[in-house]
Amino acid sequence: MAEVIVVNTETEAGLIAAASIRALISHKPDAVLGLATGSTPLGVYRALAASLAADPLDVSRVRGFALDEYVGLPSGHPESYRSVITRDVVVPLGLTAANIRVPGGDPETLPTAGTDYEAAIRAAGGVDVQILGIGRTGHVGFNEPGSSFGSLTRVKTLTEKTRADNARFFSSPDQVPIHCITQGLGTIRRAKHLLLLAFGAQKADAIAAAVEGPVTASSPGSVIQLHPHVTVLVDEAAAAGLGNLDYYRYAWAHKPSWQGL
């Protein structure tokens, strides 16, 4: 069972997640972070940046792997995930840019981009903590419904719903790419710790399916039920569909002080 923590605000979730990541880096200075993009994890990155500014910690050896990238956006496009990771994570946290990898979205290198990325993750010793959001379709990374639980980094076609959700980051919906390259569900499962965040009523169905629903490729987020170490941070609205909500609150309130996330 995943550890489910219900918070009042995204800021509270960010503080909890950031404290866990900071503890990891303190223990392992060359920790490998799995980096999600979008609006959901921004509170985590902001809280971690504030923590590092208030109480500096050497993060020069920290490594990172982005979950995914759009295919076909020109180099330097502000909404490419390379640009987003640099803007939202690398610069605010003071990470070493050369230590942060993003899947290759260049059409010229796509045939080998997936296998190259998998090899790089293995060479780094695997991901220590993977930050995740979840889409309304239940997708994690860009693994849309129907994705194999054994899938590795590869090119995927985005659903119209996902493209519509991401259109807010572009000047028009037509500018949202149709294809992406994403870590697979099998890749994500290899991370040592999964940290899934979701906020708002629009995510309630996806969270209920991921945490308590049947384990099925129709709900890619349900892959977390197969992982031994999962933390789910949700606000009240996103938690509304959970049947075991009272237990989750009780377990968090009575968690031993020596246990981390």
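Here is how the numbers come out for the structure above:
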| read-out | value |
| --- | --- |
| Ellipticity estimate at 222 nm from DSSP helix runs (n ≥ 4, -39,500 (n - 2.57)) divided over the chain, nearest 500 | -9000 deg cm²/dmol |
| Kirkwood-type radius of segment 67-181, with distances r between different C-alpha atoms, in Å | 15.1 |
| Whole-Å semi-axes of the ellipsoid equivalent to segment 50-118 (Cα gyration tensor, √5λ, descending) | 26, 14, 7 |
| As computed over the chain, the Cα convex hull volume per residue (Å³) | 120 |
| Distant-in-sequence amide H partners of residue 7 (H built 1.01 Å from N, under 5 Å) | 234, 235, 236 |
| Per residue accessible area in Å² of the chain, where ligands, DNA and RNA are left out and the probe is 1.4 Å | 44 |
| Per-residue HN-Hα couplings for segment 165-181 [Karplus 6.51, -1.76, 1.60; θ = phi - 60°; Hz; x = Gly/Pro] | 4, 8, 5, 5, 8, 10, 5, 8, x, 5, 7, 6, x, 8, 10, 8, 10 |
| Cubic angstrom per residue, convex hull over Cα atoms of segment 148-247 | 110 |
| Net charge of neighbours whose Cβ lies under 15 Å from the Cβ of residue 15, counting Lys and Arg as +1 and Asp and Glu as -1 | -2 |
| Inter-label distance, nm, simple model (7 Å from Cα along the C-beta direction), residue 39/residue 54 | 2.6 |
| Whole-Hz ³J(HN,Hα) from phi, Karplus 6.51 cos²θ - 1.76 cosθ + 1.60, for segment 255-261, glycine and proline x | 5, x, 5, 7, 8, x, 5 |
| In order through segment 193-209: 3J(HN,Hα) via Karplus (6.51 cos²θ - 1.76 cosθ + 1.60), integer Hz, x for Gly, Pro | 9, 9, 10, 9, 10, 7, 9, x, 4, 5, 9, 4, 5, 5, 5, 4, 5 |
| The chain: antiparallel DSSP beta bridges as a percent of all, rounded to 5 | 30 |
| Built amide H within the under 5 Å cut-off of residue 101, gap 5+ | 64, 65, 66 |
| Of all accessible heavy-atom area on segment 1-114, the percent that carbon and sulfur account for (1.4 Å) | 56 |
| Inverse mean reciprocal Cα-Cα distance (Kirkwood Rh) of segment 4-103, Å | 14.0 |
| 28 Å Cα-Cα threshold exceeded, pairs from 156/255; 28/161; 156/192; 156/203 | 156/255; 28/161 |
| The chain, relative contact order in percent, only Cα pairs under 8 angstrom and at least six apart counted | 24 |
| Accessible-area composition of segment 161-261, carbon plus sulfur, in percent [1.4 Å probe] | 53 |
| Residue 216-residue 148 pseudo-label distance in nm [points 7 Å out on the Cα-to-Cβ vector] | 2.1 |
| For segment 41-86: Kirkwood Rh in Å [reciprocal of mean 1/r, alpha carbons] | 12.6 |
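The values are calculated or read from the model by the stated rules, or taken from the named source; none is laboratory data. Keep in mind that this is a model prediction, so the values were computed, not measured. In this analysis, Cβ positions are derived from the backbone assuming ideal geometry, glycine residues included, and neighbour counts consider all displayed protein chains. With ligands, DNA and RNA removed, areas are computed over all heavy atoms of the protein, side chains included. Shrake-Rupley method; radii C 1.70, N 1.55, O 1.52, S 1.80 Å.
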